[in-house]
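One structure is given below, encoded as structure tokens.
We did not get these values from a lab; they are worked out from the coordinates using the rules stated. Because the structure is predicted, anything quoted here is derived from the model rather than measured. A quick note on method: Cβ atoms are made from the backbone with ideal geometry, for glycine too, and the neighbour counts reach across all protein chains shown.
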Amino acid sequence: MSPVWMLQDAKNAFSEVVNRACSSGPQIVTRRGRPVAVVISYENYSEQKSRGESFVDFLGRAQLEDGELDLSRSRDTGRTVAL
């Protein structure tokens, strides 16, 4: 199984997500097809914290399936509501 999990699958198999984060590296969780979270092992987290590296820098080094993580924000201002 790839390191990308749909949110519902990740919730249903959280133990497996954690086990794979420990054995295979970061696990990406998606919602509606977009990456929303990364599960990492405590070992990776401790290593990152001991180097004083920011979490953003850690994510930049992470081996992601497609090689890229889209960190752009939507410029959507919401909907117009008639009052």
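Worth a mention:
- Sum of -39500 (n - 2.57) over DSSP H runs of 4+, divided by residues of the chain (222 nm, nearest 500): -11000 deg cm²/dmol
- Extended-chain gain in nm, criterion 0.36 nm per residue less alpha-carbon gap, Phe55 and Leu83: 5.8 nm
- The chain - charge dipole about Cα centre, Lys and Arg +1 at Cβ, Asp and Glu -1, debye rounded to 20: 400 debye
- Full extension of the segment from Asn19 to Tyr42, taken as 0.36 nm per residue of separation minus the current Cα-Cα distance, would add 7.2 nm.
- Computed from Cα atoms, the angle from the helix 14-24 axis to the main principal axis of the chain rounds to 50 degrees.
- Amide H to amide H, with H built 1.01 Å from N, Val38 comes under 5 Å of Val29, counting only residues 5 or more places away or on other chains.
- Residue (of Gln48, Val4, Gly78) at the positive-pole extreme of the chain, dipole from beta-carbon charges: Gly78
- Other residues with beta-carbon under 11 Å from the beta-carbon of Val39 carry, at +1 per Lys or Arg and -1 per Asp or Glu, a net charge of 0.
- Integer Hz, Karplus 6.51/-1.76/1.60 couplings in order for segment 50-57, x for Gly and Pro: 5, 7, x, 7, 6, 5, 4, 5
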